[in-house]
Amino acid sequence: MKKVAGFLSAAVAVIGLSGCGGGGSSSYDHTYYLQTYNGSNYVGVPDVYYECGPYVGYTGSSGGFRMSDGDTCTFYDLDDTVSYEYNILYLGGNSSGTIGLADVEYSCDSGISGETDYNGAFTFDPTYVNPDYPGDICDFYFY
C-alpha cells in the first residue's frame, strides 16, 4: 500500500508540474487593428508593413496585425496610409473600432511621440522623409 501511495504522489507531482516551465509563456497573442476614421466609422488600413516580435508582414484588409504582450511593434511608411484625417491613425482592439487601445506608448522617427488616447488615436508626420523609407516609421510599446 505504501508503494501505491508513493506512486500516486509522484504521479500527481508530475502532472501538477507539467504546466510549469519548459515552453510555458506569460505572454498572449492578439490581433489588433490599424485604423482610420472616415467621419462616421473606423476603417481598417490595409497593406502597411509591420514587425511585432516574431510577427512580420502587412496589415490585412481590415487593418489586422498580430502581436504578443510585451512586443514592440514597428509600422513603416505611414504616409502611404489612407488616413482620412491625414495625420491621425488609431490602434483598435476590434475591427469595428468600438474598442480603442489606450495608453500605448509610441515614438516615431519624425520626433513625434506620446501615448495613444482613449480611442487609440496617435499622430505621425505624413510629410517626414526617412533616409531608408519614404515615410514616417513609428514604434509602439505593448508592455
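The values are calculated or read from the model by the stated rules, or taken from the named source; none is laboratory data. The structure displayed is predicted, hence computed values, not measured ones. Cβ placement follows ideal geometry from the backbone for every residue including glycine, while neighbour counts extend to all protein chains displayed.
Having 2 or more residues that are surrounded by fewer than 19 Cβ atoms within 10 Å (Cβ to Cβ) and in contact with a strand residue (DSSP E or B) (Cβ under 7 Å, 6 or more places away or on another chain) is the bar; report the strands (runs of 3 or more DSSP E) wholly within region 90-143 that clear it.
Answer list for region 90-143: 105-108, 113-115, 138-141.
Please go through region 91-120 and give me each residue that is in contact with a Ser or Thr (Cβ under 7 Å, 6 or more places away or on another chain) and within 27 Å of Pro134 (Cβ to Cβ), ordered by number.
If the condition is that a residue be in contact with a Ser or Thr (Cβ under 7 Å, 6 or more places away or on another chain) and within 27 Å of Pro134 (Cβ to Cβ), then Leu91, Leu101, Val104, Tyr106, Ser107, Ile112, Ser113 are the ones that fit.
Return the residues of region 111-136 that are hydroxyl-bearing (Ser, Thr, Tyr) and farther than 27 Å from Ile99 by Cβ; say none if nothing qualifies.
Passing the criteria: Thr127, Tyr128, Tyr133.
How many residues are assigned to a strand (DSSP E or B), surrounded by fewer than 18 Cβ atoms within 10 Å (Cβ to Cβ) and more than 13 Å from the chain's Cα centre (by Cα) if we restrict to region 28-41?
Residues meeting the conditions: 1.
Just name the residue that is surrounded by the fewest Cβ atoms within 10 Å (Cβ to Cβ) out of those in region 42-64 that are of a type in the set (Val, Ile, Thr) and touching a residue at least 24 places away in the same chain (Cβ under 8 Å).
The selected residue is Val43.
Mind listing whichever residues of region 65-89 are touching a residue at least 60 places away in the same chain (Cβ under 8 Å) and either loosely packed, with under 15 Cβ neighbours inside 10 Å or more than 12 Å from the chain's Cα centre (by Cα) (or both)?
If the condition is that a residue be touching a residue at least 60 places away in the same chain (Cβ under 8 Å) and either loosely packed, with under 15 Cβ neighbours inside 10 Å or more than 12 Å from the chain's Cα centre (by Cα) (or both), then Asp69, Gly70, Tyr76, Asp77, Leu78 are the ones that fit.
If a residue must be at positive phi and modelled with pLDDT of 90 or more, how many such residues does region 15-50 contain?
Residues that pass the stated criteria total 1.
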